[in-house]
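**Q** Have a look at this one.
Since every read-out is calculated from the coordinates, none of them should be taken as a lab result. Remember, it's a predicted structure, so these values are computed and weren't measured experimentally. Please note: Cβ atoms are built from the backbone with ideal geometry, for glycine as well, and neighbour counts cover all protein chains shown.
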Amino acid sequence: MLAVLAMLFVMFAGFWTDWLWYRSVDYSSVFTTTLWTKVGMFAVFGLLMGLAVGLNIWLAHRLRPPLSAMSLEQQSLDRYRMGVAPYKKWVLLAITALVGLIAGASAAGQWRTWLMWVNGVAFGEKDPQFGMDVAFYAFDLPWYRFLLGFGFAATVLSLIAAALTHYLYGGLRVTSPGARATAAATGHLSVLLGVFVSLKAVAYWLDRYGLAVKSSDFKAAGNWTGLRFVDANAYLPAKTILFCIAVICAVLFFATLWRRTWQLPVIGFGLMVLSAILIGGLYPAIVQKFQVQPNEQAKEAPYIKKNIEATRKAYAIDGTVPENYSGKATVKAKEQLRKDADAAASYRLVDPNIVSPTFQQLEQKRKYYQFPVTLDVDRYDGKDTVVGLRELNIKGIPKRNWINDHFTYTHGYGAIMATGTSVDATGSPVFTESGLPTSGQMPKYEQRIYYGEKTEQYSIVGGPQKELDYEANGERTTSYRGDSGVSLSNAFNRAAYAVAFSEPQILYSGAIGDGSRILYNRTPKERVEAVAPWLTIDGDAYPAVVGGRIQWIVDAYTTTNGYPYASRTTLGDSTADSLTAGNQARTVVAQQNQVNYIRNSVKATVDAYDGTVKLYQWDTKDPVLKTWMKAFPGTVEPKSAISDDLKSHLRYPQDMFKVQRELLTRYHVRDAAQFYSGSDAWQVPADPTKKDGNAVPPYYLSLRMPGDDQQRFSLTTTFTPNGRPNLGAFMAVDADADSEEYGRIRLLRVTSDVPGPAQVQSKLNSLPDVATFVRDMKGADSEIEYGNLLTVPMDGGFLYVEPVYAQGRSALYPLLKKVAVSYIDASKPEGDATKDTTVFENSLAGALNAVFGVEGEAPTTPPSDTPTQPRPPVTGDAALKQAIADAQKAYEDGEAALKKGDWEAYGKAQRALAEALQQAARADAERKAADQPAPGSAPGGQAPSGAPAKPADAAKPDGAAKPEGTAKPDAAAEPAGAAQSGAEGSGG
């Protein structure tokens, strides 16, 4: 008995902890609605299946013939009948229960189908073939198909069970001479076959509508959805004819109740099968071969037109019309071009896909903190800002044990921010919010991060055990004061979680007491998926400081695959690019299912401190969202509830944009003949800065599109013609939620021969300056990393901007070293050097000056230890003494800057110190070679004894020897080209 109770408690624990969690986040209605829907579906369809099969077994047993004159065949079955006889009621109940449980469990998985059918809201759009509202295909047809499938399963199982029962009790004979079936068995089985054929007739009728959402391969469009010529002119009439034949055949089967013969039903069934082969298979093949193929373009044109219009509506790209953009500069004066370049965009030099190691080294502070692999881009004070949260890294805890993992180390601390358009003199980001705790441009906010993308383990907080808060000038502890989590104050909850988490210490640990709460399901994606299981979640949740709290912002989508004529796409494939390939956290998880309708209908937030989840209606017209809001009333707040502060951080989601750009590679064409030929098809180019061949990711960028009078925060991408490397089009969407034109997609079709991203990257790599730079960096044991290749339309031409980073072996993180800029003016004749000008300079300002050939701030000359520009050799005692004096002064300047926290001055001093020490070493070596040793020189070519010692922390990239909270990179240890004065983006 105890074992049974223990098993029941284990089964109950999962249910109970789920209920407690949903109640803790104030979404208990989601749990109860889902639960009761599943229970109802399980009970109703399980009972129906059990009754159908059980009733037919019972009826077959009642209709059994007398066994007085048994044949030899029946005598051989007598032992089975005798074995079943004492337990026939139990056997009947067991079979009924088994099929009922299986059918009920299968039906419970269709809870979404039921809720969408019973709560469906009309789209207000009709399909072009049958004139049915789109809601019929999205909400009704899936439910009807489920019922049909259930009916087929119940009929087939009942038929098998009845036939076996009739055989066991003599109603059917297989080997004996004479009649093969009694009249009662004949009538019973005929009715079941009639029901089966009736269901087949219904299936034929529904298949007519299913043609509007049927997928097929079509060479002109790839994955095609909807009717084509052969569907409308062969399959559709064939399904209607087969429906009529199936109805007649079903009537013949039912007529055996009076005729007691299967002759006519069998003939009718054979006619139906033959018709299915000839009318449903052979005839459409003949139509396709002899009517369609000889003139396919003309035959398919009306259906291609329907597919184009439906697809563009389903993916919200119906308002996108390509605008011709010549690529030919409309401004010729170089001074004006240079001025316009400043206003064209805020060029993002800090690539969020590269600088995470820099954030990690400069702002991690402790091993048990971490930043995401890819940082986020947001806007603060109207400026593009790179943001990363200092989240908890459970693997970095100094001593791993159950208490440390789940009680002591419970949260991350602080949002680190840097300007996106500028770097400091060393090539490092310019932090606007940094330190531990953070300080800078942000007003006071709650910095503790209990819920984050990297926080996957559970924590128990608020009880007797104190949590480590942070270590800066001494260790600080805290105790959680939020309302989230589930209380562990009572023994029953503790026992349930001990079972659910397979951790018995939860039950008896003294670290758990009054006030203890368990936090789990802590990633933003997990929490939103749990409270809204009917939404598809974007692959990139991003943080924002809103109202004094860190809020995770999560974009969520409503989808369906039942939009008639709209071509389907696989979300997992459409949203993959060079970033998601190596960062699964940014991928739309488990979305390999195909959809043909998508809307960014919900904006969700997750509080990083207390885990509060809020869902806001964003698309107020979406019928799919309205349907789910009817099914789960009160879970989604109205759009008007979004605060102005939160709205300023909302943006157009990347995954939605990537799906739309994938569709626009083909569906920017609206002419059926041109679409069929594929002459104007595009492709998303491979990322030229990576070698994996994956698609280039879209980039958030503030830029001014042609015709606009100001910059807009946008999400941008490029296209190339199918199979060609040149630029085919440029796409940008207004991504600023505060903008009146939010969501407007601009598509610039390039009408001239303009180099594409791969060609620009190739030309850049072929520049002598680049080759020299790469050779010198590799000689200095540094790795080169190319940043985001930004494309900006400007004055009729195109401006490409790409930051270039180098990461030295001793630095452990990349620093901005160079900026490449290319300006394309297609109006220049071939061979004109100014048609495609590419430059490679130390700063953005210098690169823009150089690309347009204007005088301006000269690029800073790299330090004298740069391999490409070595300092001329010096000799003599005067040079040695001067070097010693320079080193002493640089050391003193560095110490003074370190005390003030002036990192720019500290970096300059460290470079000057390294230069002075190298100069002293050269002078000493030359004196030895001339056999003229100078007083005080050290042996071995080292710095003289009078030279100041290099600080111990100067060679350490993480600044381990510096005072806590002041870690900065040592510029002297960096490879050549570190100086980046003037690197601030003139456009930013």
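**Q** Residues with beta-carbon under 10 Å from that of V134, excluding V134: net charge, scoring Lys, Arg +1 and Asp, Glu -1?
**A** Values: positive: K126, K313; negative: E125, D127, D133.
So the environment of V134 carries a net charge of -1.
**Q** So, one more: What fraction of the Cα pairs in the range 428-532, stated in percent, has a spacing above 24 angstrom? Walk me through the numbers on the way to the answer.
**A** Working: 2047 of 5460 pairs.
Counting pairs separated by more than 24 Å, the tail of P(r) holds 37 percent.
**Q** Below 13 angstrom from the Cβ of F243, what's the summed charge of the other residues (Lys, Arg +1; Asp, Glu -1)?
**A** Numbers: positive: K200, R208, K239; negative: D207.
Local charge sum for F243: +2.
**Q** Could you sort the peptides 338-348, 720-730 by per-residue average Cβ neighbour count (10 Å cutoff), highest mean leading?
**A** Details: 338-348: 21.3, 720-730: 18.7.
Most protected by this proxy first, the peptides run 338-348, 720-730.
**Q** Convex hull over the alpha-carbon atoms of the range 523-650: what's its volume per residue in Å³?
**A** Numbers: hull volume 14.9 nm³, N = 128.
In the range 523-650, the Cα convex hull volume per residue is 116 Å³.
**Q** Next up: Neighbouring Cβ atoms within 10 Å as the yardstick, rank R173, R670 fewest first. Don't skip to the answer; put the middle values down first.
**A** Working: R173 19, R670 14.
Lowest to highest Cβ neighbour count: R670, R173.
**Q** Express in nm, to one decimal, how much length is gained between K778 and I277 on full extension, taking 0.36 nm for each residue of separation and deducting their alpha carbon distance.
**A** Details: separation 501, 0.36 × 501 = 180.36 nm, distance 6.91 nm.
Residue separation times 0.36 nm, minus the Cα-Cα distance, leaves 173.4 nm.
**Q** How much FRET efficiency would the formula 1/(1 + (r/R0)^6) give for I160 and D18, where r is the Cβ-Cβ distance and R0 is 41 Å, rounded to 0.05? Present the calculation step by step, with values, prior to reporting the outcome.
**A** Details: r = 38 Å, r/R0 = 0.92.
Once the sixth-power term is evaluated, E becomes 0.60.
**Q** Report ³J(HN,Hα) in whole Hz for each residue of the range 491-504, in order, from the Karplus equation J = 6.51 cos²θ - 1.76 cosθ + 1.60 where θ = phi - 60°; Gly and Pro get x.
**A** The phi angles translate into 5, 5, 4, 4, 5, 5, 6, 4, 6, 4, 9, 6, 10, x Hz.
**Q** Calculate, for D381 and K828, the FRET efficiency according to 1/(1 + (r/R0)^6) with r their C-beta to C-beta distance and R0 35 Å; round to the nearest 0.05.
**A** Working: r = 40 Å, r/R0 = 1.13.
The value I calculate is 0.30.
**Q** I would also like to ask the following. Cut-off 11 Å, label point 7 angstrom out along Cα-to-Cβ of Y445: give me the residues of the range 531-548 whose amide nitrogen falls inside.
**A** Residues 543-548 qualify, since their backbone N sits under 11 Å from the label point.
**Q** As a footprinting exposure proxy, order M417, M777, M11 by other Cβ within 10 Å, with the fewest listed first.
**A** M11, M777, M417
**Q** If we count every other residue with Cβ under 9 angstrom of S822's Cβ, Lys/Arg +1 and Asp/Glu -1, where does the sum land? Walk me through the numbers before you get to the answer.
**A** Values: positive: K763; negative: E802, D836.
Taking every Cβ under 9 Å from that of S822, the sum is -1.
**Q** Can you list residues from other chains, or at least 5 along the same chain, whose modelled amide H is less than 5 Å from the amide H of K328?
**A** A826
**Q** Still on this structure, I have one more. Rounded to two decimals, what is the ratio between the C-alpha radius of gyration of the range 191-314 and 2.2 N^0.38 Å?
**A** Details: Rg = 17.9 Å, N = 124, 2.2 N^0.38 = 13.7 Å.
Compactness ratio reported: 1.30.
**Q** Rank these for me by crowding, I884, I248, I317, going from fewest to most other beta carbons within 10 Å. If you can, show how the numbers build up before the last one.
**A** Numbers: I884 22, I248 13, I317 19.
Ranking I884, I248, I317 by Cβ neighbours within 10 Å, fewest first, gives I248, I317, I884.
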